[in-house]
1. Is it the case that some residue within region 133-151 is over 19 Å from GLY31 (Cβ atoms), aromatic (Phe, Trp, Tyr) and open to solvent by 80 Å² or more (accessible area, probe 1.4 Å)?
2. If you check MET177, MET141, which single one turns out to be among the aliphatic types (A, V, I, L, M) and within 21 Å of ALA94 (Cα to Cα)?
3. Inspect region 40-51 for any residue being under 25 Å from TYR122 (Cα atoms) and exposed (fewer than 14 other Cβ atoms within 10 Å of the Cβ) and give the result as yes or no.
4. Looking at TYR93 and the list (1) hydroxyl-bearing (Ser, Thr, Tyr); (2) closer than 26 Å to PHE23 by Cβ; (3) in contact with a Ser or Thr (Cβ under 7 Å, 6 or more places away or on another chain), which single condition is not satisfied?
5. Residue check: is TYR21 surrounded by 21 or more Cβ atoms within 10 Å (Cβ to Cβ) and either out of contact with any Pro (no Cβ under 8 Å at 6 or more places or on another chain) or within 29 Å of GLU161 (Cα to Cα) (or both)?
6. Quick one: in region 75-123, of everything that is of a type in the set (Lys, Arg) and part of a loop (DSSP other than H, G, I, E, B), which residue is surrounded by the most Cβ atoms within 10 Å (Cβ to Cβ)?
7. In region 36-74, what count of residues is obtained for those that are at positive phi and either β-branched (Val, Ile, Thr) or modelled with pLDDT under 95 (or both)?
8. Examine region 10-17 for a residue that is open to solvent by 50 Å² or more (accessible area, probe 1.4 Å), on the phi < 0 side of the Ramachandran plot and among the hydrophobic types (A, V, I, L, M, F, W, C), and state whether such a residue exists.
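The values are calculated or read from the model by the stated rules, or taken from the named source; none is laboratory data. The structure displayed is predicted, hence computed values, not measured ones. Backbone-built Cβ (ideal geometry, glycine too); neighbour counts: all protein chains shown. Just the protein is used for accessible areas: all its heavy atoms, side chains included, with ligands, DNA and RNA removed. Shrake-Rupley method; radii C 1.70, N 1.55, O 1.52, S 1.80 Å.
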Amino acid sequence: MIHPIRHFMTITKHRHKVMHYCFKVGIGFQGLFHDLSKYSFAEFWRGAKYYAGTRSPNANERESKGYSLAWMHHKGRNKHHYEYWTDVQGGTYAPVLIPIKYLKESLCDRIAASKVYMKKQYTSSSALEYFEKRECSYNQMHPTTAFVLKTWLTWVSELGEKKAFKKIKKIKSYKDMEG
């Protein structure tokens, strides 16, 4: 059964959380444009068709068809996804360093998605646990990007969002993470 209203409500709730967090980490303007492609025909109707409410419809589409056209469309248009940041190096595709502003958005995206899909089961460690559980994402990111993202997720887990976001807001480049 297709659930366009529920899907719309879920992606909108997610976007609003990401926007809120983006302001907290110093990239508010960028947050206003987060995930707008989810409202496009290519992504929205597949999301409504594969909607479950407890996980990404892309995972359901992938399970059903062996791939997700909605995800392929999405990752190619949204720079906060590490999959966007691959390029040919030495004749093969390899991850490249994600600019800090998109990594901050990725952090906000991960926390918001965890909250939206996990609801009351969410804890401050949920996004970190998901990141660690999905070893493929960690291994497919540029090592420095993966290290910084894991560090930030650890801060959220150990310090809470308010203190972690305050620290992250001060970071303007990877050099700010050294020392």
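1. Yes - at least one qualifying residue is present in region 133-151.
2. Numbers: MET177 fails: within 21 Å of ALA94 (Cα to Cα).
Result: MET141 is the single residue among MET177, MET141 that is among the aliphatic types (A, V, I, L, M) and within 21 Å of ALA94 (Cα to Cα).
3. Residues of region 40-51 under 25 Å from TYR122 (Cα atoms): 47-48, 50-51.
Still in the list and also exposed (fewer than 14 other Cβ atoms within 10 Å of the Cβ): none.
Within region 40-51, none of the residues are under 25 Å from TYR122 (Cα atoms) and exposed (fewer than 14 other Cβ atoms within 10 Å of the Cβ).
4. So the condition that TYR93 fails would be (2).
5. Details: surrounded by 21 or more Cβ atoms within 10 Å (Cβ to Cβ): yes; either out of contact with any Pro (no Cβ under 8 Å at 6 or more places or on another chain) or within 29 Å of GLU161 (Cα to Cα) (or both): yes.
Here the answer is yes, as TYR21 does meet what is asked.
6. From region 75-123, those of a type in the set (Lys, Arg) are 75, 77, 79, 101, 104, 110, 115, 119-120; that's our starting set.
Still in the running and part of a loop (DSSP other than H, G, I, E, B): 77, 79.
On the way: ARG77: 15, LYS79: 17.
Taking the candidates together, the pick is LYS79.
7. Let us first name the residues in region 36-74 that are at positive phi, namely 53, 66.
Filter once more, so that each one left must be either β-branched (Val, Ile, Thr) or modelled with pLDDT under 95 (or both): 53.
Adding up the residues that qualify gives 1.
8. no
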